[in-house]
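To start, the structure under review is shown below, and the notes come after it.
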Amino acid sequence: MNCREMTDFLMAYLDDELPQAQREGFDAHLQECPPCIVYLDTYKEAVRLGKQVCARDDSPLPEDVPEVLIDAILAARER
Amino acid sequence: MSTFSAVDPIEEDEVELLAKLRAGDAKATERWVRESTPRLLAVTRRMLRSEEDARDAVQDAFISAFRALDGFEGGSRLSTWLHRIAVNAALMKLRTRRRKPEESIDDLLPNFLEDGHHVNSPTEWPGNAQDWVERDEVRQSVREAITRLPETHRNVLVLRDIEELDTAEVAKMLEITPGAVKTRLHRARLALRELLDPVLREDAS
């Protein structure tokens, strides 16, 4: 397995969905390729950051909610 | 745990609110709309680039919710139920509006040499990972990176990683195969990593 293939199989590897032979190839590549270990770590960090930053309760809520939208919604309720 | 898990049923404070909403209590309805709209708008803005579409989706969500209030069985929190309706309204908006040609994600993916090695050898992201999320400029970069993803990939990332729906649910909502969900999610994550790399690689704090 080379770096490109390692990248292709990354998510399946992390989700434990790789067949045994491919998993072994993946692990063997990581043993001999420190840059791919860095890539794996930073991929996991990017996913984690995306989740955390956008987590429902962590994100700042928009403060620019237009009054016209609220009015339109309330008018729809009255119909 | 899934955002939409049914193990988080309606709570005491919402039972009273639900009764008022069903009875058409104008004050309770207005308070509910005012309190819920910012969060729903955040959700629809994440999925739709057009501000007009995002607002329309929130309005559509409330219209659907008003119609469905009587049938709401309390299997989830009211806020969770409304959140899901907003996600569906945003998806509906995506399906029905005029299709623009989808930009390719290829330019955002990592590059490799012919022998399969990285063109740019990955380097570590220094600094304390726990601190990144606390910093405004990092959070801003993450939001901008997600916004830059092509729509079909961004929405899979939003539904899977942020809304925490499972692959089968997302496949059904987007009318694509589970395999396509996985491929798009992986490519969206790879692109997200590439977009964050210059920000976090340079960061020595």
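The values are calculated or read from the model by the stated rules, or taken from the named source; none is laboratory data. Note that the structure is predicted; figures quoted are calculated from it, not measured. Here the Cβ positions follow ideal geometry from the backbone for every residue, glycine too, while neighbour counts run over all protein chains shown. These accessible areas exclude ligands, DNA and RNA; they are computed on the full protein's heavy atoms, side chains included. Shrake-Rupley method; radii C 1.70, N 1.55, O 1.52, S 1.80 Å.
Would you check if B:VAL119 is surrounded by fewer than 18 Cβ atoms within 10 Å (Cβ to Cβ), farther than 27 Å from A:GLU67 by Cα and among the hydrophobic types (A, V, I, L, M, F, W, C)?
Yes, satisfied.
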Those residues of segment B:163-200 that are at pLDDT below 90 and over 18 Å from B:ARG95 (Cβ atoms) come to a total of 1
Here's a check for you: in segment A:2-29, which residue that is charged (D, E, K, R) and within 7 Å of chain B (Cβ to nearest Cβ) is surrounded by the most Cβ atoms within 10 Å (Cβ to Cβ)? A:ARG4
Take B:VAL58 and decide whether it is open to solvent by less than 30 Å² (accessible area, probe 1.4 Å), touching a His at 6+ places or on another chain (Cβ under 9 Å), under 24 Å from B:LEU165 (Cα atoms) and within 13 Å of chain A (Cβ to nearest Cβ). no
Could you identify the single residue in B:THR44, B:THR80 that is under 23 Å from A:LEU61 (Cα atoms), among the polar types (S, T, N, Q) and touching a helix residue (DSSP H, G or I) at 6+ places or on another chain (Cβ under 8 Å)? B:THR44
Give the residue, chosen from B:VAL142, B:VAL181, B:VAL199, B:VAL170, that is facing chain A (nearest Cβ under 9 Å), in a helix (DSSP H, G or I), β-branched (Val, Ile, Thr) and under 24 Å from B:ARG45 (Cβ atoms). B:VAL142
Since B:ALA129 meets every condition but one in (1) touching a residue at least 40 places away in the same chain (Cβ under 8 Å); (2) small (Gly, Ala, Ser); (3) surrounded by 13 or more Cβ atoms within 10 Å (Cβ to Cβ), which condition does it not meet? (1)
If we only count helices (runs of 4 or more DSSP H) wholly inside segment B:19-116, which ones have 2 or more residues that are over 18 Å from the mean Cα position of the chain (by Cα) and at pLDDT 90 or above? B:26-47, B:51-68
Which residues, taken from segment A:30-42, are touching a residue at least 12 places away in the same chain (Cβ under 8 Å) and either farther than 19 Å from B:PHE112 by Cβ or within 10 Å of chain B (Cβ to nearest Cβ) (or both)? A:CYS33, A:PRO35, A:CYS36, A:TYR39, A:LEU40
For segment B:153-166, indicate whether the set of residues that are open to solvent by 30 Å² or more (accessible area, probe 1.4 Å), at the interface with chain A (Cβ under 9 Å from one of its Cβ atoms) and not in a loop (DSSP other than H, G, I, E, B) is non-empty. no
